[in-house]
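Visitor: The structure's right below; bear with me while I get my questions together.
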Amino acid sequence: MKSGASELARSFLDSIRDLLPILLVIAFFQLAVLRQPFPSHGELLAGTLLVILGLTLFVRGLEMGLFPIGESMAHAFARKGSLSWLLVFAFSLGFTTTIAEPALIAVAKEAALVAATANFIADTKEARLDYALGLRYTVAFSVGLAIMIGVLRIIRGWPLHYLIIGGYLGVVTMTFFAPAEIIGVAYDSGGVTTSTITVPLVTALGVGLANSIKGRNPMVDGFGLIAFASLTPMIFVMAYGMLIK
C-alpha cells in the first residue's frame with residue numbers, strides 16, 4: 001500500500017514538473033507581454049489542479065493497466081500461433097481505440113460544422129452528424145488496417161521505411177485528386193488519431209509482439225506502428241472527401 005502511495009506521489013510530482021514550463025510560458029505572456037491579470041483566479045487554480053491530477057491518474061493508469069495488458073495479449077497471441085486471430089485482434093484494436101478518441105470526435109464535429117458552412121454538405125443537423133460519423137468510421141477503419149499491416153510487418157520482418165515511404169507517396173498522390181476542402185482535415189486526422197487512447201495500447205502491442213517473436217528486436221521492430229497509423233488516415237480521409245464530393 002505504501003509503495004502504491006509513493007508511486008502515485010512520484011507521478012504527481014512528475015506531472016507538476018512536466019506542466020510547469022507550460023504554466024510559466026502562459027504566465028509570462030499574460031503578465032509581461034499582454035500586461036493583463038488572470039481572470040477568475042479561483043477557477044484557474046482549481047482547473048490547473050484538476051489538470052495535474054488528471055494527468056497523474058492517466059499516466060499511473062497506463063503504467064498499471066494499459067501497457068501490461070497490451071504486452072500480455074501480444075505474448076498470448078504469439079504463443080497461440082494463430083496469425084489470423086492476431087490480425088483480427090490488431091484490426092479490432094486499432095478500430096475501436098480510434099473510434100473512441102476524444103480528439104477525433106472533436107475534430108470530426110468541427111469539420112462537419114465547417115463543411116456545412118462552406119456548402120460542402122447540407123447545412124442540417126442530420127447531414128453534419130452523418131458527415132462527422134462517416135469521418136470517424138473512415139479514420140478508424142484506416143487505423144485498424146494500418147495496425148494490422150504493421151503487425152504483419154513485425155511478423156514477416158519487412159523494413160519499416162519501405163512502408164512509410166510508400167505511404168507518403170500515396171498521400172502526395174491523393175493530394176492532387178482530393179477536393180481542397182478535405183485536404184486539411186485529412187492531414188489533421190493523421191495526428192488526432194494517435195492520441196491518449198490509441199498510442200499506449202498500440203505501442204504495448206508492438207513491443208510485446210516483437211519481444212515474443214524469436215529474432216525480432218523490440219527497439220527495431222517493436223516501434224513504428226504509431227507512425228504508420230498516423231499515415232493511413234490521410235489517404236482514406238481524402239478518398240472519403242472524393243466520395244462525398
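The values are calculated or read from the model by the stated rules, or taken from the named source; none is laboratory data. Everything numeric in this text was worked out from a predicted model, so none of it was measured. Cβ coordinates were reconstructed from backbone atoms using ideal geometry, including for glycine residues, and neighbour counts include every protein chain displayed. Just the protein is used for accessible areas: all its heavy atoms, side chains included, with ligands, DNA and RNA removed. Shrake-Rupley method; radii C 1.70, N 1.55, O 1.52, S 1.80 Å.
Visitor: Which condition from (1) open to solvent by less than 80 Å² (accessible area, probe 1.4 Å); (2) free of Cβ contacts under 8 Å to residues at least 60 places away in the same chain; (3) not basic (Lys, Arg) is the one that Leu50 breaks?
Guide: (1)
Visitor: So, one more: Has region 123-134 got any residue that is open to solvent by 80 Å² or more (accessible area, probe 1.4 Å) and either outside any helix (DSSP H, G or I) or closer than 16 Å to Ala229 by Cα (or both)?
Guide: The answer is yes; a qualifying residue exists.
Visitor: Continuing with the same structure: Quick test for you: out of Ile154, Ile183, pick the one residue that is in a helix (DSSP H, G or I) and either among the acidic types (Asp, Glu) or closer than 20 Å to Leu87 by Cβ (or both).
Guide: Ile154
Visitor: Considering (1) closer than 30 Å to Ala9 by Cβ; (2) modelled with pLDDT of 80 or more, say which one Leu87 fails and leave the rest.
Guide: (1)
Visitor: Looking only at region 93-122, count how many residues are surrounded by 13 or more Cβ atoms within 10 Å (Cβ to Cβ), over 27 Å from Leu145 (Cα atoms) and not β-branched (Val, Ile, Thr).
Guide: Number of matching residues: 4.
Visitor: Take the residues in region 155-181 that are among the small types (Gly, Ala, Ser) and open to solvent by less than 50 Å² (accessible area, probe 1.4 Å), then tell me which one is farthest from Ser230 (Cα to Cα).
Guide: Top of the filtered list is Gly157.
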